[in-house]
1. Quick one: which residues, 5 or more positions from B:Val75 or on another chain, have an amide H under 5 Å from its amide H? H modelled 1.01 Å from N in the peptide plane, none for Pro or chain starts.
2. Hey, which lysines would be in cross-link range of B:Lys179, C-alpha to C-alpha under 26 Å, not counting anything within fewer than 8 residues on its own chain?
3. Count the net charge of all other residues whose Cβ sits under 11 Å from the Cβ of B:Arg21, scoring Lys and Arg as +1 and Asp and Glu as -1.
4. With 10 angstrom as the radius, rank B:Leu103, B:Leu435, B:Leu114 by how many other C-beta atoms surround their C-beta, starting from the fewest.
5. With only Lys, Arg, Asp and Glu charged, each at its Cβ (+1 for the first two, -1 for the last two), find how big the charge dipole of the stretch B:109-239 is about the Cα centre; round to the nearest 20 debye.
6. Pick out, from B:Pro324, B:Pro346, B:Tyr356, the residue whose Cα sits farthest towards the positive end of the charge dipole of the stretch B:311-394, with +1 on the Cβ of Lys and Arg and -1 on the Cβ of Asp and Glu.
7. Of B:Gln219, B:Leu261, B:Thr285, whose Cα points farthest to the positive end of the dipole of the protein assembly as shown (charges on the beta-carbon: +1 Lys, Arg; -1 Asp, Glu; origin at the Cα centre)?
8. Only bridges with both residues in the protein assembly as shown count here: give the DSSP antiparallel percent, nearest 5.
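Each reported figure results from applying straightforward, stated rules to the coordinates on display, with no laboratory input. None of the values given here were measured: they were computed from a predicted structure. Note that each Cβ is placed from the backbone with ideal geometry, even for glycine, and that neighbours are counted across all protein chains shown.
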Amino acid sequence: LGHDRSDKSEGRSSQAEAPASDSEAKVAEEGSNPRVADLVHDIRTPLVAVRGYAKMLLEERDGPLNPTQREYVAIVVENANRVVRLINDLEQLLKKAPR
Amino acid sequence: MTPRKILVVDDDESTRTYLARFLSSRGYQVEVANSGEELLARLAGGYRPSAITLDMLLPGVDGKELLRSLQKRGVAIPVVVISGVGQISTVVEAVKMGASDYLLKPFDEEELLLAIENALEKQELRNEIKTLRHQLDATTTQTDVVTANPEVLRIKEIAKQVANTDVPILILGESGVGKEVLARYIHVHSSRRDCPFLKVTCAAIPNDLLESELFGYEQGAFTGALTEKPGKFELAGKGTILLDEIGEMSPLLQAKLLHVLQDGEFSRLGSRRLIRATCRVIATTNRKLSDAVARGQFREDLYYRLKVIPIEIPPLRERREDIPLLCSYLTEKYRDLYNSPVQELPPELVDLFCSYSWPGNIRQLENVIKRYLILPDMSPILAEMDDVRHRGLTNNSNVLLKDVSAHAAEKAERELVFRALDQTNWNRKQAAQRLGICYKALLNKLKKWQVKQPQRNRSLPESH
């Protein structure tokens with residue numbers, strides 16, 4: 001799981017490589033267990049709000065944070081990023097798993 | 001600057017609310033929809049956001065179906081897809097179906113803003129190109145009424161006064177007098193000048209097609225309506241719509257047009273949704289509409305609706321003082337376009353134009369000038385004008401037979417004389433010899449016909 005990805009690259013999907021056919025590509029991309037793949041996708045959704053709101057707090061648009069609050073929120077953002085990296089790695093593993 | 005409107009479409013409440021708050025904090029005006037059905041209903045209700053952020057996995061109508069539907073309807077709103085599905089096949093499919101960008105959840109906020117800004121910029125460029133095209137059309141098309149005639153000057157003054165009102169204008173006049181030019185003059189002198197000017201020639205389109213051309217249609221409104229299409233009333237926006245040859249419109253369409261003029265609303269074919277008509281209507285015709293009303297061919301109520309401000313442009317023969325002005329204007333307008341060696345029309349040609357009746361009015365004059373600029377030879381023009389005069393003579397039942405034969409003989413003579421002059425490069429002595437007449441007789445004929453050597457031949461004496 002040492003596959004490290006920056007925040008910028010994690011959000012955008014490459015549009016360059018076209019699949020040979022939709023069904024082949026779907027199997028190739030989802031790997032052996034499509035239900036696990038769906039679950040992984042579902043984990044991405046709540047992360048939008050978790051990481052997003054935490055980042056907004058750090059911007060202090062809705063009022064200043066004291067140093068402790070700032071530290072706690074920064075930890076939330078950092079760990080949310082960590083979860084994103086874990087999901088990305090999990091997806092890679094699913095793709096490589098034997099069918 | 002008006003805040004740009006973003007519609008967030010996502011079934012997950014926390015994502016939807018977060019996106020709305022985040023984008024609002026960056027200055028966008030945000031609205032949300034929690035399903036594909038809601039998005040379609042809003043668009044059908046006339047809501048037009050600047051951009052849409054769309055989740056792919058939605059219950060009911062999903063992201064793919066929505067993209068397909070927007071593409072089919074020709075809805076030009078940029079869509080940024082934000083999805084938990086990162087399969088390459090899904091991304092490729094979404095982009096093929098018109099998505100501007102595709103972001104994977106959870107996205108980087110800066111990247112989202114960049115995707116939205118890029119999509120908006122692209123759309124604005126498209127709109128700008130459209131506007132520039134309209135402006136280019138306006139500069140390459142005649143928008144000034146060239147005249148020295150008191151009556152036409154008065155019409156120009158009225159046109160300027162009414163330009164900024166919303167009332168319909170009815171422009172009457174023979175074919176070719178410049179009704180469309182006056183309509184454009186009104187448009188460019190109104191506050192609508194930056195909006196489109198659209199012309200619909202009612203006589204050129206079959207009535208069934210004219211209805212869909214004017215009012216547009218929904219997908220499936222009739223066989224062959226594969227995609228939705230906005231009509232000219234919609235496309236004109238806050239601009240001007242010119243209904244040319246309105247006298248040819250069918251009674252059914254006359255009724256529909258009356259409804260638009262009265263209530264300021266219309267609906268596309270196959271739809272009950274009312275759309276506000278915000279454009280100004282200018283109608284033109286060369287028919288006597290009052291006679292058409294008397295014969296029951298044109299609705300009386302529509303006639304009076306359109307006749308709020310009637311303007312009748314006099315024919316060219318009743319404003320001969322405009323002919324030299326138009327000659328200069330049209331020569332200047334077309335000589336560069338046709339790369340013509342002619343700098344100005346020979347005075348004798350302009351004199352001849354001034355004495356001609358111009359049944360086709362300014363359009364005919366324009367065509368004759370174009371022809372002279374391309375082929376600077378007066379003889380075919382003189383022959384054509386003579387021919388029209390001759391036709392006028394024979395169409396008159398009170399004419400004497402001897403006049404007809406004298407006219408025909410003179411016409412034949414002129415043709416032979418001009419041919420001889422052309423062949424001898426306007427060497428009149430040689431031409432007289434070829435014709436078998438004396439030099440003085442030839443000069444007398446040319447004087448009688450008020451013909452002088454064209455400029456081109458003077459400057460190129462022995463060129464062929």
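1. Here nothing satisfies the definition.
2. B:Lys130, B:Lys156, B:Lys160, B:Lys199, B:Lys232, B:Lys238, B:Lys256, B:Lys288, B:Lys307, B:Lys333, B:Lys370
3. Details: positive: A:Arg61, B:Arg16, B:Arg26; negative: A:Asp62.
Combined, the nearby Lys, Arg, Asp and Glu give +2.
4. Details: B:Leu103 22, B:Leu435 18, B:Leu114 14.
So the ranking, lowest neighbour count to highest, is B:Leu114, B:Leu435, B:Leu103.
5. Details: 15 positive and 21 negative charges, 159 e Å.
That gives the stretch B:109-239 a dipole magnitude of about 760 debye.
6. The one lying farthest along the dipole's positive direction is B:Tyr356.
7. Positive-most Cα among the choices belongs to B:Thr285.
8. On the way: 6 of 40 bridges.
The antiparallel proportion sits near 15 percent.
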